[in-house]
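Below is one structure, written out as structure tokens; comments come after it.
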Amino acid sequence: MKILLLSAYDALSHRYWREGLVEQFPAIDWTVLTLPARYFRYRVRSNPLTWIAEKQAILQANYDVVVATSMVDIATLRGLVPSLATTPLWLYCHENQFAYPAGVQKDNAATNDLEAKMVFLYACLAADHISFNSNWNRDSALAGLKDLLHRFPEKLDASLLNSIATKSDVVPVPLNALTKSVEIRSQNLATKRVSAPSSLPLRLLWNHRWEFDKGPDNLLALVNALQASGLSCELNIVGQQFRQTPEAFTAIEAVLNQSSTLQKGEWGYVESVSDYQRLLQQCDIVISTALHDFQGIAVLEAVQAGCVPLLPRKIVYPEIFADQYLYAVDESSLPSTTANNICHLINQWQQQGLPSVPDVKQFEWHKQREFYQKRIQSLYKHS
């Protein structure tokens, strides 16, 4: 079987998914085309032009199935390469622009993303099957598409979207399994953490992209709340950084450098995979302050390594984790109110002992591989 795999905005989570997919099915003859994750609005609309200019011969080869991420303008690409128009298409959606929070940097501004939304709409209509990585992603995308149609000056019947819902399902991005030695160490550490309250400082982890949508202002409010509480803990703030970093991180680092109770742990991007996994194992609690997460791979990896999650009671997290791991989010007030809610739980866990680490093995490849195999086979039968 020959499959063309297209990732037009190859961010870390997209790369993690496509590399795992290729690795899990070595018998498939894969051809992979990717583009860097930069200049979002330009990239999402121009990727067919870039690939036609640079990879035309590859695109015109014969394939049994095409797998494309939702950042690919696949409807245009199929029009430019007629052979692709008749090849079964599986669209995989890591995210959607309808649920993207307002106020992000202008390259991704929610007020200027009609092009991206239209690319997504046409891709969904063109696809033979669509998979989303979470229920929240799928539901918010379908609701957003319906709202988009209602806002058009020329009204279109929402039944146009019925086919999209019918051919959609939820298939998460699978986690790579821990090696046996790493798994044993993580289990041992997790057992020690929950066995009894500890006088040692808690090791907190925030491991997300350093961008607006991951809530750096909320993180700053949390750091200030922890400082005011006098709680002794170590903060490890790591993740991918880009050309422009939100100002909140400068303020956070200043607080950590001056604090007598908060220790500054790892800071910035951890290049080494082994060093990063070691950090995950050593931390007690993984925290998200995100304004949006469609699956939360970084959090799931940390939980897989033995961290207890502390997450907002919104977006994707209520469908994955029990309520004891979720903090209340006050959308109508300043970030300090939500920060105090997080701080209260951290203090409670320090005094009473951590909750048990939830089991996320259902997200690992050994549990998800059959779903992927069935989907690929069903498309191959129609080629």
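The values are calculated or read from the model by the stated rules, or taken from the named source; none is laboratory data. Keep in mind it's a predicted model, so treat the numbers as computed, not measured. We place every Cβ from the backbone using ideal geometry, glycine too, and count neighbours over all the protein chains shown.
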Inset, instruction - Please find, among Ile297, Ile315, Ile285, the residue that is within 19 Å of the chain's Cα centre (by Cα) and either exposed (fewer than 15 other Cβ atoms within 10 Å of the Cβ) or on the phi > 0 side of the Ramachandran plot (or both). - result: Ile315
Legend entry - Residue match in region 2-16 (condition: modelled with pLDDT of 95 or more, in a helix (DSSP H, G or I), basic (Lys, Arg) and under 17 Å from the mean Cα position of the chain (by Cα)): yes
Inset, instruction - Considering only region 234-255, state which residues are assigned to a helix (DSSP H, G or I) and under 27 Å from the mean Cα position of the chain (by Cα). - result: Ala248, Phe249, Thr250, Ala251, Ile252, Glu253
Legend entry - Of residues in region 73-104 being under 12 Å from Asp213 (Cα atoms) and surrounded by fewer than 14 Cβ atoms within 10 Å (Cβ to Cβ), the one modelled with the lowest pLDDT: Gly103
Legend entry - Of residues in region 300-328 being touching a residue at least 40 places away in the same chain (Cβ under 8 Å) and part of a helix (DSSP H, G or I), the one farthest from Gly239 (Cα to Cα): Glu319
Inset, instruction - May I ask you to verify whether Asp169 is in a helix (DSSP H, G or I), of a type in the set (D, E, K, R) and either under 30 Å from Lys361 (Cα atoms) or out of contact with any strand residue (DSSP E or B) (no Cβ under 9 Å at 6 or more places or on another chain) (or both)? - result: no
Legend entry - Unique residue being at pLDDT 95 or above and assigned by TED's automatic domain parsing to the domain that holds Tyr16 when the list is Glu301, Glu370, Glu319: Glu370
